[in-house]
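The values are calculated or read from the model by the stated rules, or taken from the named source; none is laboratory data. Bear in mind the structure is a predicted one, so any value in this text is a computation, not a measurement. Positions of Cβ are backbone-derived with ideal geometry, glycine not excepted, and every protein chain shown enters the neighbour counts. When the accessible area is computed, the model is the full protein with side chains, heavy atoms only, and any ligands, DNA or RNA have been set aside. Shrake-Rupley method; radii C 1.70, N 1.55, O 1.52, S 1.80 Å.
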Amino acid sequence: MRILGIDTSSELSSVALVDGDSVITREVLDGRRHAEVLAVLLREVVDEGLRPELIACGVGPGPYTGLRVGVTTAQVLGLAWSVPVVGICSLDATAAQVSCDGDFLVTADARRKEAYWARYDRNRRRTDGPRVSRIDELDAGTAALPRFGELSGTSVEPLRPRAAVIARLAGAYLDAGESMSTSDIDLSVHGGDTGATADSVRGSRLLAPVPLYIRRPDAVAPGGKA
Amino acid sequence: MSNGPLVLGIETSCDETGVGIVRGTTLLVDAVASSVEEHARFGGVVPEVASRAHLEAMVPTIERACSEAGVSLSDIDAFAVTAGPGLAGALLVGTASAKALAVALGKPIYAVNHLAGHVVVDELEHGPLPESAIGLLVSGGHSSLLLVHDDAQDVTSLGATLDDAAGEAFDKVARLLDLPFPGGPHIDRVARDGNGSAIAFPRGLTASHDMAEHEFDFSFSGLKTSVARWITKEKAAGTSINVADVAASFQEAVVDVLTRKAVAACLANDAQHLVIGGGVAANSRLRALAQERCDEAGISLRVPSPKLCTDNGAMIAAVGAKLVRQGAQPSTLDFPTASVLPVSTVVVRDAG
Ligand SMILES: [Zn+2]
């Protein structure tokens, strides 16, 4: 199956068209220019290959502004081409690039000195998360695990979600007969998401193509009634 | 039936997700999903809440627009989208959507200025603007006077607010009077039972020493402060507040300045037409006083129906269709959004 992968949940704008062993990838590393570069990358990939049969999008968690560019783009492409769109937790796509003998953590920059994180077993299966917290507030056992991704504390270039991995994961989950999580992510309460989006996807791997915000918006009603 | 390009416009600069489709200067559909109620409890638009709502509403609103207009996305000749000014995160949802449509369907895209849309939208109801016109744009986000040349690619800013937007002043005074958000419609309603000349609130930037430098600029924060002081003083004196009179007198102060400066701008620039746009254009007293003063000055007043005055996708499609008709060069896919965008930039061409 020809799958178009998209991820903009990190500083990387990543697009890939995956069809069996064939992969066309375009990427730009610039966390402030997702909106400017993504469509250009897409046109290059689309011009080179055939129209996809499925779109798979990294749904974060990650900084909202960039994340929304990718998720919106995926949704609208799906509408314009009449092809289905699925979401993949972006941390899962980072985890898929990790080789580790035991449990490990994947982290992404959540700003405000916090990290988005999820825990994986040696088979790269998510066992906890995604969650958001300060790294120094993790319990001792979790904090002791090897960390990969952004804020991993290593000096090497961090692993980031890649569109080709997103596309491959989506294909593998579908082949394995998994169905898309349609768990009720109630985005109609935009002011009230305190983590419900993440709770609803724990244990799911094939997600609806909507952002995993996890945190509620910064907004305080007059008089402090948030 | 008119001919002309079939253009789909997307608008997400504030809290309305707008998708409009026009053919030439004929409006086919104006679909809007608003998140205003989600902002009401915060007493103002919360950018992050608006961005989340835009993303959620985008695909359903595009679908609704196409089905109501009876067109399919592949029929569209060009896409237009608000590039600015507006809330940065909100603009990104609209531009990402329009770019995705342009890529998927291989059609040109025009990244246009929201403010030009508020003027050009009038062509959908009252026909092409025959010559230069003055635009008075008043909403929660803007208060400005523009000179729009017949070719809408040429827009000059004559003046703007130095502090609060007119709609913002309505919101703030509504809060002082314990009226709900957004304040405009509530003040308009309450003021109908009041006396607009009961209290002499100040007219910002109309004194002769201000006019030299700020002939066509506005200032509403002093007016708001003056209303607040007046209420505090009356309460301290134990007088009960006549809400209708306060609302009417405040509203009169705002629309007096707006219409006086707008008509003066027409006369100073030999413009025969005044177009009023933005949410505050729905204010009944503004419409009445503008009509009165335009009639006196021999100027034709053009005010779109209230639904086209507030932010919507049709106004963006209208600009796009005009640009297509003029053979204007489309934007490239890498164009940026601009939360601050001068009115003279009608089309954002590229990243440069
Ligand atoms: Zn507006």
### Cα gyration tensor shape for segment A:97-149, rounded if a/c is under 1.5, else prolate or oblate
prolate
### Message
Through the Karplus equation 6.51 cos²θ - 1.76 cosθ + 1.60, θ set to phi - 60°, convert the phi angles of segment B:288-305 into ³J(HN,Hα) values in whole Hz; use x for Gly and Pro.
### Response
5, 5, 5, 4, 4, 6, 5, 4, 4, 8, x, 10, 7, 9, 10, 10, x, 4
### Filtered trypsin sites (Lys or Arg not before Pro), segment A:86-129: DSSP coil and at most 15 other beta carbons within 10 Å
A:ARG111, A:ARG112, A:LYS113, A:ARG122, A:ARG125
### Query
Which whole-Hz ³J(HN,Hα) couplings does segment A:114-120 yield from phi under the Karplus relation 6.51 cos²θ - 1.76 cosθ + 1.60, θ = phi - 60°, glycine and proline marked x?
10, 10, 7, 8, 8, 9, 10
### Summary
Note, A:ALA16: beta-carbon cut-off 15 Å, +1 each Lys/Arg, -1 each Asp/Glu, net -1
### Potential lengthening between B:ARG325 and B:SER300 on full extension [0.36 nm per residue; Cα-Cα distance subtracted]
6.5 nm
### Task
Could you work out the per residue convex hull volume over the alpha carbons of the protein assembly as shown, in cubic angstrom?
167
### Query
Can you give the extra length, in nm with one decimal, that the chain gains between B:SER34 and B:LEU162 once fully stretched, where that is 0.36 nm per residue apart less the Cα-Cα distance?
43.3 nm
### Message
I'd like the trypsin sites (Lys or Arg not before Pro) in segment B:1-91 restricted to DSSP loop residues with at most 15 other Cβ atoms within 10 Å, sorted by number.
### Response
B:ARG41
## Note on the structure
Sequence order, segment B:312-318: Karplus ³J(HN,Hα) from phi using 6.51 cos²θ - 1.76 cosθ + 1.60, θ = phi - 60°, Hz rounded, Gly and Pro as x, gives 7, x, 4, 5, 6, 4, 4
### Query
Once amide H atoms are placed 1.01 Å from N in the peptide plane, what residues at a sequence separation of 5 or more from B:SER143, or on another chain, have their amide H within under 5 Å of its amide H?
B:THR161, B:ALA166
## Note on the structure
Largest-first ranking of B:THR337, A:THR127 by accessible area, probe 1.4 Å, whole protein assembly kept, is A:THR127, B:THR337
#### Entry: Relative contact order for segment B:130-306, counting Cα pairs under 8 Å that sit 6 or more residues apart, in percent
28
### Query
Where Rh denotes the Kirkwood radius from the mean inverse Cα pair distance, what is Rg over Rh for segment B:130-306?
0.99
### Query
Once the convex hull of the C-alpha atoms of segment A:25-74 is built, how many Å³ does it hold per residue, rounded to a whole number?
78
### segment B:100-148: GluC sites (Glu not before Pro) in DSSP coil with no more than 12 other Cβ atoms inside 10 Å
B:GLU131
### Message
Interface size between chain A and chain B, please: total buried accessible area, 1.4 Å probe, rounded to the nearest 100 Å².
### Response
3100
## Note on the structure
Partner shielding of B:42-48, taken as the mean number of other chain Cβ atoms within 10 Å, equals 5
### Task
Could you pull out every residue, at least 5 positions away or on a different chain, whose amide H is within less than 5 Å of the one on B:ARG302? Hs are placed 1.01 Å off N in the peptide plane, and Pro or chain starts have none.
B:LEU274, B:VAL275, B:ILE276
### Summary
quick note, the protein assembly as shown, DSSP beta bridge pairs, % antiparallel (nearest 5) is 65
### Task
Only Cα pairs under 8 Å and at least 6 apart count here; give the relative contact order of chain B as a rounded whole percent.
26
### Message
If I histogram all Cα-Cα distances within chain B using bins 10 Å wide from 0, what percent of pairs lands in each bin?
### Response
6, 26, 32, 23, 10, 2, 0
### Message
Taking the Cα centroid of segment B:113-154 and of segment B:23-53, what is the distance between the two, rounded to the nearest whole Å?
### Response
20
